[in-house]
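These notes are about the structure you will find just below.
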Amino acid sequence: MLKIFRKNKKWLLVVGGTFLLIVFLVQGTLSQWQPDPGDQVVATMGLGDEPVTLSNYERADYEYQALRDALPRVMIAQTGIASRDHWFLLVHEARRAGFVANARDGEDWLPEVTRAETMLQLQADPMAAQRLMQQLGGFDQVVMLLEGEIQKARQKARLTSEQFNEALAKLRGVRRMIMAYETASRYSDRRAIIDAKHLVDSAFIDAVVIPASVAAGQAPEPTPEQLAAQFEKYKDVAPGQGEHGFGYQLPARVKLEWLMIDRASLAAAVKLDPVNVYRHWQSNRDLYQGEFTAEQKRVEASLREREADVLMADIDRMLKGKVRTATRKLTADGSYKVLPADWDAQRPRLVDLAGSIVEMAAQSGLEVAAPIVSMRTDAFVPLAEVSAIPGLGESTFQAGTLRGTVSQLIGACKELSPTPGIDAQVGIPLTSATIQDRAGNRYVVHIVEAAQAGAPETIDAVREAVARDCRLLWAYDQIKAQADALALKAVTDGLAAIASEFATPGEGGVPAPLEIVRQRQLTRTRSDPRTPALDSQSLRDAVLSRVASLDPRFTPSPDNAVLRSFAVATPETLSVVVAQIVAQRQMSKENVRMLDQQTLLTLRHDEYERAVPEPSGPFSEASLRQRLNFKMRENKRPTDTDPDAAPVG
């Protein structure tokens, strides 16, 4: 055979080379005729089943991600955009109605919408806002901080400045469309007077909040029958959702362990060749314009980061390989694995994976400490509290095109809320998703156990909470029975006497009077955010009803204390509020004509919401889907990258 090859090698080379050339040319020609993946039809809409291509759908996804991360309160709270599909349909409607301009319109709007987003974020938490403005030096500095975050969101979504401006122009067009619809109706003067009075009437009060907890220590121990009745009544209710805020339903929860790969320690362990350091400086003078001695530390830091990236990638491949090897023979159940009864004895353990990382580093001549393995397996961790775990809780994940927080990733596991594109399940270390925090540290998470939200099987799991609530309810009833006497005492002795009567033990055993909060403003819809205990609709209704009974020219004084003093039981907070009105504002017919434009817009918006409640509004996602006949094609839906629209969000 060798003789034949040697004898005819020239012919074989000519024929073989010609064949390879033909194959190469044919492949190149065929590739020109292959369809563009972006032209793939993933959905249809309209009466004529107008096609929606993959490229347009993915473009909407990138825009939605960028705007949701950059302007969350404008997107969600103000505009009500709930998902990527909702965004896609709203933009389609706004463009068709002529409300969407070009990228220049979005660029011009950016400063205004940035300030609006900043204001909305600050209003959401006034106390934190005050601290932030003191720290940064004022509102304009907070706006500048948000401008930087907006650019980060744009880069994260992989949009150019032009594309981001186009997305902003679309959002502005959507807002124009919604505003045009909401303000299309005529607003009568009589309706304006009624609604303005409801919105604007307010009172300033001084108050003492008497929580039931101040008397709970005097409550008798609840009987087994009382405990059982309390448990049965609220066992299927989520905490905070039942009467008085009672509820004993257990949330979705997990037991976890995780391995952290410290990026900084890997970078510090990298050994640099001085010659390579000098060459890197010499070949990158545009980055390092100073002399070598002045730039050496920067050059070394850059090389260490680059080597750390390589090492991280190698570690990632190694860990995936070890988990894949350990699970290769397991029976597949879709993207999950069926775990045998003895799996716990043979599963890959994080401690062993940490040792493998040390061995791998040693093979590269690096000496690193074993990565830290942490555990939360003694008790269940509610899914909502995973984000509070230092380090891990602040990290984010990426699995293919899916992105989100680590708590969203864990919540999307097979046992809690199975999600396409995520193969997380109890018993197998999760290496298919990249989990990383802001410092670049990587994590491997192992979900040891997971439990769905639901009622506890027995009272034992929540016995302490049930007993506490029984005592609070008894104490609340006792204080509520004294409401009239407390109101009279406020008139005769003042609020200070009530604050002292319900004093609680302070430092050194010295009684500490309850706080007297002063000059707190209440309207029919809003309480002063400085005192959360006053956030009760029962209190607001009582205060504004008392204001309505007063003459608009009423001036508070010691002589009319009986008219402006009262006690209100607030079942929402299990408290009794003893209050005195110290100032009032009642809207007159004449003053309605002096209302500013923003207040009138608010009144119109409130009227619209009463007439067209969500989710049945014309711009809700459900209404748009139905009106536009929007249908995803079977098995053609791209992986949903919206963490807020799927169980990963």
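The values are calculated or read from the model by the stated rules, or taken from the named source; none is laboratory data. In this text the structure is predicted, and so the values were computed from the model without any measurement. Every residue, glycine among them, receives a Cβ derived from its backbone with ideal geometry; neighbour counts consider all protein chains shown.
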Residue match in region 245-259 (condition: crowded, with 17+ Cβ neighbours inside 10 Å, out of contact with any strand residue (DSSP E or B) (no Cβ under 7 Å at 6 or more places or on another chain) and assigned to a helix (DSSP H, G or I)): no
Identity of the residue in region 324-339, surrounded by 13 or more Cβ atoms within 10 Å (Cβ to Cβ) and not hydrophobic (A, V, I, L, M, F, W, C), that ends up farthest from VAL448 (Cα to Cα): SER335
Residue check for SER185: closer than 24 Å to ASP61 by Cβ, surrounded by fewer than 15 Cβ atoms within 10 Å (Cβ to Cβ), touching a helix residue (DSSP H, G or I) at 6+ places or on another chain (Cβ under 8 Å) and not aromatic (Phe, Trp, Tyr): no
Residues that are loosely packed, with under 14 Cβ neighbours inside 10 Å and either outside any helix (DSSP H, G or I) or in contact (Cβ under 8 Å) with a residue 40 or more places away in the chain (or both), drawn from region 294-316: none
Subset of region 502-520 [outside any loop (DSSP other than H, G, I, E, B) and surrounded by 17 or more Cβ atoms within 10 Å (Cβ to Cβ)]: VAL517, ARG520
Residue match in region 503-519 (condition: in contact with a helix residue (DSSP H, G or I) (Cβ under 9 Å, 6 or more places away or on another chain), under 18 Å from VAL200 (Cβ atoms) and not hydroxyl-bearing (Ser, Thr, Tyr)): no
Pair list, Cβ under 6 Å, 6 or more apart: region 488-499 residue free of Cβ contacts under 8 Å to residues at least 24 places away in the same chain and surrounded by fewer than 16 Cβ atoms within 10 Å (Cβ to Cβ), other residue aromatic (Phe, Trp, Tyr) and outside any helix (DSSP H, G or I): none
Test: residue in region 299-320 that is in the same structural domain as ASP423 (by the TED database) and over 30 Å from VAL444 (Cβ atoms): yes
Pair list, Cβ < 7 Å and 6+ apart or interchain, from region 266-293 residues that are more than 30 Å from ALA354 (Cα to Cα) to residues that are β-branched (Val, Ile, Thr) and surrounded by 12 or more Cβ atoms within 10 Å (Cβ to Cβ): VAL277/VAL299; HIS280/VAL299; TRP281/VAL299; TYR288/VAL299
Qualifying residue in region 263-272 (condition: surrounded by fewer than 18 Cβ atoms within 10 Å (Cβ to Cβ) and over 30 Å from HIS446 (Cβ atoms)): yes
Test: ALA533 is at pLDDT 90 or above, surrounded by 15 or more Cβ atoms within 10 Å (Cβ to Cβ) and either hydrophobic (A, V, I, L, M, F, W, C) or touching a His at 6+ places or on another chain (Cβ under 8 Å) (or both): no
Identity of the residue in region 353-374, touching a Leu at 6+ places or on another chain (Cβ under 9 Å) and β-branched (Val, Ile, Thr), that ends up nearest to MET318 (Cα to Cα): ILE357
Residues that are within 15 Å of the chain's Cα centre (by Cα) and in contact (Cβ under 8 Å) with a residue 40 or more places away in the chain, drawn from region 397-411: ARG403, GLY404, THR405, GLN408, LEU409, ILE410, GLY411
Every residue from region 384-437 that is crowded, with 19+ Cβ neighbours inside 10 Å, aliphatic (A, V, I, L, M) and in a helix (DSSP H, G or I): VAL386, LEU392, VAL406, LEU409, ILE410
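Where in region 147-239 are there helices (runs of 4 or more DSSP H), lying fully within it, with 2 or more residues that are among the hydrophobic types (A, V, I, L, M, F, W, C) and under 30 Å from MET587 (Cα atoms)?
Answer list for region 147-239: 161-182, 189-200.
Is it the case that some residue within region 96-104 is charged (D, E, K, R), over 22 Å from ASP69 (Cα atoms) and modelled with pLDDT of 90 or more?
Looking for residues that are charged (D, E, K, R), over 22 Å from ASP69 (Cα atoms) and modelled with pLDDT of 90 or more, one finds at least one in region 96-104, hence yes.
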